1. Of the numbered conditions (1) in a helix (DSSP H, G or I); (2) of a type in the set (S, T, N, Q); (3) in contact with a Cys (Cβ under 7 Å, 6 or more places away or on another chain), T201 fails exactly one; give the number of that condition.
2. What number of residues in region 44-57 are over 13 Å from R104 (Cα atoms) and out of contact with any helix residue (DSSP H, G or I) (no Cβ under 6 Å at 6 or more places or on another chain)?
3. Tell me which residues, restricted to region 38-96, are at pLDDT 90 or above and of a type in the set (D, E).
4. When the residues of region 220-235 are filtered to those that are touching a Leu at 6+ places or on another chain (Cβ under 8 Å) and not charged (D, E, K, R), which remaining residue is most open to solvent (accessible area, probe 1.4 Å)?
5. Suppose we filter region 4-41 for residues that are of a type in the set (G, A, S) and touching a strand residue (DSSP E or B) at 6+ places or on another chain (Cβ under 8 Å); how many remain?
6. Pull up region 156-208, narrow it to residues that are at pLDDT 95 or above and of a type in the set (G, A, S), then point me to the one that is most open to solvent (accessible area, probe 1.4 Å).
7. Taking T196 as meeting all but one of (1) part of a helix (DSSP H, G or I); (2) closer than 21 Å to G148 by Cβ, write down the number of the exception.
8. What residue, of E248, E242, is at pLDDT below 95 and loosely packed, with under 15 Cβ neighbours inside 10 Å?
Amino acid sequence: MIKKIAIYGKGGIGKSTTVANLSAVWASEDLNCLVIGCDPKADTTRTLYGKRIPTVVHTLKDNRAPEKDDLVFTGFKGIQCVESGGPEPGVGCAGRGVIVAMKRLEKLDIFDDVDVVVYDVLGDVVCGGFSVPLREKYADEVLIITSGEYMSLYAANNIVRGVKKLKGNLSGIVCNCRNVDNEEQIVNDFAEKIGTHVIGTIHRSNLIQEAELDAKTVVEKYPDSTEAQEYSILASSIMGNENVSTPEPMSDEEFEEFFKSYM
């Protein structure tokens, strides 16, 4: 059975880094991985392929009948890398790029012969084109990445609203630490409030950024590091997880009271 995961979270919270490193772990364990970046910035797969790859949207401008090799690029440990792409800033709908990409990829049967599909989804809310992985059943479960910061948790709560509306399965929260006070406790309590659990924690480290400067994941560049081990533990937790739920978001008022209680 294919594991199909959509990863959401506030912009800049570390979704792409997490997606790439998790995929690197699974590929190192001989699983066939497909990573689809659903963001006009098209930077999800850079650390897997070693550089940016052409996007589906850009390729379709010049080639109306692309083959699989025009859209799918093989990266670290055989990971299949795709970037949906989108319009230039201020022009058109970014979510539309996701819709176009998914329909084209489906026609090329790229979902055959894979063990894990991971979607790195732009946006703080599950709306428009960015709801495609869930709405069109390309993904079976959702992971939300957050820190213990106010705006990150606020975005996570909004995402939970979208997941509930789409009747999605939330597999858990990943705490991507930013070293704020009581961070892990705050994120654990937040998860409990919305009816889920923290499936794993990644601690802040300069080593992860050092690897990214070299266009590599920390799993590839520093495979024996504590950081790589944390991603390995998280990858194992995700694969073995059976605790999924339809979450219940807090109201804005409830969220304000929740966060104020830690100040």
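1. In the conditions (1) in a helix (DSSP H, G or I); (2) of a type in the set (S, T, N, Q); (3) in contact with a Cys (Cβ under 7 Å, 6 or more places away or on another chain), T201 misses (1) alone.
2. Here is the first cut: in region 44-57, the residues over 13 Å from R104 (Cα atoms) are 44-54.
Now narrow it down to the ones that are out of contact with any helix residue (DSSP H, G or I) (no Cβ under 6 Å at 6 or more places or on another chain): 45-46, 49-51, 53-54.
Qualifying residue count for the region: 7.
3. D43, D62, E67, D69, D70, E83
4. Step one: list which residues in region 220-235 are touching a Leu at 6+ places or on another chain (Cβ under 8 Å), which gives 222, 225, 227, 231, 234-235.
Filter again for not charged (D, E, K, R), leaving 222, 225, 231, 234-235.
Details: Y222: 65, S225: 20, Y231: 3, L234: 3, A235: 1 Å².
Only one residue fits best here, namely Y222.
5. The first filter runs over region 4-41 and keeps only residues of a type in the set (G, A, S), leaving 6, 9, 11-12, 14, 16, 20, 23-24, 27-28, 37.
So of that shortlist, the ones also touching a strand residue (DSSP E or B) at 6+ places or on another chain (Cβ under 8 Å) come out as 6, 9, 14, 16, 20, 23, 27, 37.
Qualifying residue count for the region: 8.
6. G195
7. Result: T196 passes all but (1).
8. On the way: E248 fails: at pLDDT below 95.
The match here is E242.
The values are calculated or read from the model by the stated rules, or taken from the named source; none is laboratory data. Here the structure is a predicted model, which means the values were calculated and not measured. A quick note on method: Cβ atoms are made from the backbone with ideal geometry, for glycine too, and the neighbour counts reach across all protein chains shown. Note: areas computed on protein heavy atoms with side chains; ligands, DNA, RNA excluded. Shrake-Rupley method; radii C 1.70, N 1.55, O 1.52, S 1.80 Å.
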